[in-house]
1. For the pair LEU16 and ILE100, what calculated FRET efficiency results from E = 1/(1 + (r/R0)^6), where r is the Cβ-Cβ distance and R0 = 25 Å, to the nearest 0.05?
2. Given a Förster radius of 35 Å and the C-beta distance between ASP30 and ALA72 as r, what FRET efficiency does 1/(1 + (r/R0)^6) yield to the nearest 0.05?
3. Okay, helix-only estimate at 222 nm for the chain: each DSSP H run of n ≥ 4 adds -39500 (n - 2.57), divide by all residues, round to 500 deg cm²/dmol; what do you get?
4. Would you be so kind as to identify all helices of the chain, as entire DSSP H runs, whose Cα atoms reach 20 Å or more along the helix's own axis and whose mean Kyte-Doolittle hydropathy is at least 1.6?
5. Excluding ligands, DNA and RNA, what is the solvent-accessible area per residue of the chain at a probe of 1.4 Å, expressed in Å²?
6. Compare MET82, MET122 by solvent-accessible area with a 1.4 Å probe and give them largest first, with all protein chains kept in place.
7. About the Cα centre of the chain, how large is the charge dipole given +1 on each Lys and Arg Cβ and -1 on each Asp and Glu Cβ? Please answer in debye to the nearest 20.
8. Along the positive direction of the dipole of the chain (beta-carbon charges: Lys, Arg +1; Asp, Glu -1; about the Cα centre), which of MET122, LEU10, MET82 reaches farthest?
Amino acid sequence: MFVSNNFLRLGVLSALVGMSLGVWMGANQDFVLRPVHAHINLLGFASMMLFGLFYRVFPAAGRGWLPMAHFALSVLGFLILMPSLTLMLLQKPLFLPAMIASEIMLVLSMLLFVIIVFMATMKKDQAVAQ
């Protein structure tokens with residue numbers, strides 16, 4: 001439940017941050033950071049909530065090192081990407097190498113999730129077939 005609960009918690013916090021950024025942009029009529037707003041809502045809210053819900057439906061899939069690696073890569077990649085992308089959009093690409101590394105982390109985290117989903121659903125399919 002650790003992985004599920006923490007993905008769900010981070011998901012709702014991301015929704016709050018993403019929505020707050022959207023309100024701030026609208027209030028100031030400054031939409032330079034709209035890609036950050038979109039990434040917070042998609043990677044932070046939507047993806048993390050879906051990850052958390054998957055691990056809730058398949059609790060056995062949340063055990064072991066693979067889901068922990070998925071969680072670590074997802075969170076670390078997200079937390080590095082958001083400020084890096086913000087700085088790049090503000091014409092201060094100080095952390096461009098970190099941004100590239102975070103994107104790689106996020107793709108690797110999705111690859112791990114693909115493996116986890118296939119492993120969990122194959123076990124379920126085999127159990128139903130018997």
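The values are calculated or read from the model by the stated rules, or taken from the named source; none is laboratory data. Everything quoted here is computed from the prediction, not taken from an experiment. Glycine gets a Cβ as well: all are built from the backbone with ideal geometry, and neighbour counts include every protein chain shown. Each accessible area value is taken on the protein alone, full model and side chains, heavy atoms only, with ligands, DNA and RNA left out. Shrake-Rupley method; radii C 1.70, N 1.55, O 1.52, S 1.80 Å.
1. 0.35
2. Numbers: r = 34 Å, r/R0 = 0.96.
Taking R0 as 35 Å, the efficiency between ASP30 and ALA72 is 0.55.
3. -27000 deg cm²/dmol, from helical runs alone.
4. Those that pass (Cα extent of 20 Å or more, hydropathy at least 1.6) are 65-89, 96-129.
5. Working: 7810 Å² over 130 residues.
Ligands and nucleic acids excluded, the result is 60 Å² per residue.
6. Largest accessible area first, the residues go MET122, MET82.
7. Charge dipole of the chain: 260 debye, to the nearest 20.
8. MET122
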